[in-house]
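Colleague: What follows is a single structure, and I will ask about it in a moment.
The values are calculated or read from the model by the stated rules, or taken from the named source; none is laboratory data. Not measured: the values here are computed from a predicted model. All Cβ positions, glycine included, derive from the backbone under ideal geometry; neighbour counts span all protein chains shown.
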Amino acid sequence: MEPFNRKKHWENIYQTKELKDVSWFEPTPETSLTFFKQFNVPKDAKIIDVGGGDSFLVDNLLNQGYTDITVLDISEAALNRAKERLGESATNVKWIVADAASFEPTEKYDFWHDRAAFHFLTEEKEIAAYLDTVQKSLTPKGILIIGTFSENGPKKCSGIDIKQYSEETMIAQLTKYFDKIKCITVDHKTPFDTIQNFVFCSFRKLDPK
């Protein structure tokens with residue numbers, strides 16, 4: 001049996017499905033935007049949206065005046081769709097095609113946002129590598145936002161197994177490098193009128209001992 005090719009899978013999804021034909025579609029990413037407001041993120045903060053795909057978060061951030069935004073996704077097709085939508089504004093964004101599990105940043109970020117990328121990492125070595133990368137790539141006291149399917153949410157997404165989290169299991173994974181600030185659960189209504197329950201947690205990078 002041919003081993004699963006994560007990149008090929010996601011390229012196919014974005015090449016064959018329309019924007020509103022995927023479960024994660026949000027016309028306005030209210031929950032994510034609330035975190036930016038909560039932490040009063042400066043307009044010149046270095047921001048990265050991991051697994052951002054063709055999400056509308058980048059549009060909203062640009063409209064709010066943020067000037068240093070990076071969007072990362074495993075699918076080049078997803079990022080191309082976002083670029084096409086943004087037109088000339090796309091030149092104000094850094095676009096990175098990479099797998100979140102093996103991404104090697106070349107700069108440090110003040111605010112790391114991940115809505116529904118982390119839960120696709122189901123192997124402990126991938127999870128550990130990702131979190132190690134995040135802590136090395138966040139500035140001192142940098143903010144990390146992670147949103148995943150909760151224990152009341154789906155067990156798969158786009159035909160792939162995911163790893164569900166509760167507030168407790170999320171904290172347990174991140175306690176080595178981060179202080180929890182707050183966790184919330186959110187019901188996301190998909191374009192198909194189904195409900196997916198997410199847990200979103202905010203963390204601050206620990207001061208090095």
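Colleague: Within the set of pairs 6 or more residues apart or between chains, which connect a residue that is within 15 Å of residue 66 (Cβ to Cβ) and at pLDDT below 95 inside the stretch 23-44 to a residue that is among the polar types (S, T, N, Q) and surrounded by fewer than 18 Cβ atoms within 10 Å (Cβ to Cβ) with Cβ atoms less than 7 Å apart?
Modeller: Listed by first residue and then by second, the contacts come to 29/60.
Colleague: If you go through the stretch 188-209 one residue at a time, do you hit one that is buried (at least 17 other Cβ atoms within 10 Å of the Cβ) and more than 25 Å from residue 28 (Cβ to Cβ)? Give the derivation first.
Modeller: At the first step, the residues of the stretch 188-209 found to be buried (at least 17 other Cβ atoms within 10 Å of the Cβ) are 188, 196, 198-203, 205.
Subset that is more than 25 Å from residue 28 (Cβ to Cβ): 205.
Among the residues of the stretch 188-209, at least one is buried (at least 17 other Cβ atoms within 10 Å of the Cβ) and more than 25 Å from residue 28 (Cβ to Cβ), which makes the answer yes.
Colleague: Scan the stretch 125-134 and tell me whether some residue there is surrounded by 15 or more Cβ atoms within 10 Å (Cβ to Cβ), in contact with an Asp or Glu (Cβ under 8 Å, 6 or more places away or on another chain) and part of a strand (DSSP E or B).
Modeller: No, every residue in the stretch 125-134 fails to be surrounded by 15 or more Cβ atoms within 10 Å (Cβ to Cβ), in contact with an Asp or Glu (Cβ under 8 Å, 6 or more places away or on another chain) and part of a strand (DSSP E or B).
Colleague: Something else now. Taking the stretch 187-209 on its own, how many of its residues are at pLDDT 95 or above and β-branched (Val, Ile, Thr)?
Modeller: Looking only at that region, the number is 1.
Colleague: Can you name every one of the strands (runs of 3 or more DSSP E) wholly within the stretch 8-122 that holds 1 or more residues which are acidic (Asp, Glu) and crowded, with 20+ Cβ neighbours inside 10 Å?
Modeller: Those strands (runs of 3 or more DSSP E) span 47-50, 69-73, 109-115.
Colleague: If I filter the stretch 169-183 for residues that are β-branched (Val, Ile, Thr), loosely packed, with under 15 Cβ neighbours inside 10 Å and in contact (Cβ under 8 Å) with a residue 24 or more places away in the chain, do I get at least one hit?
Modeller: Checked against the condition, which is being β-branched (Val, Ile, Thr), loosely packed, with under 15 Cβ neighbours inside 10 Å and in contact (Cβ under 8 Å) with a residue 24 or more places away in the chain, the stretch 169-183 yields no hits at all.
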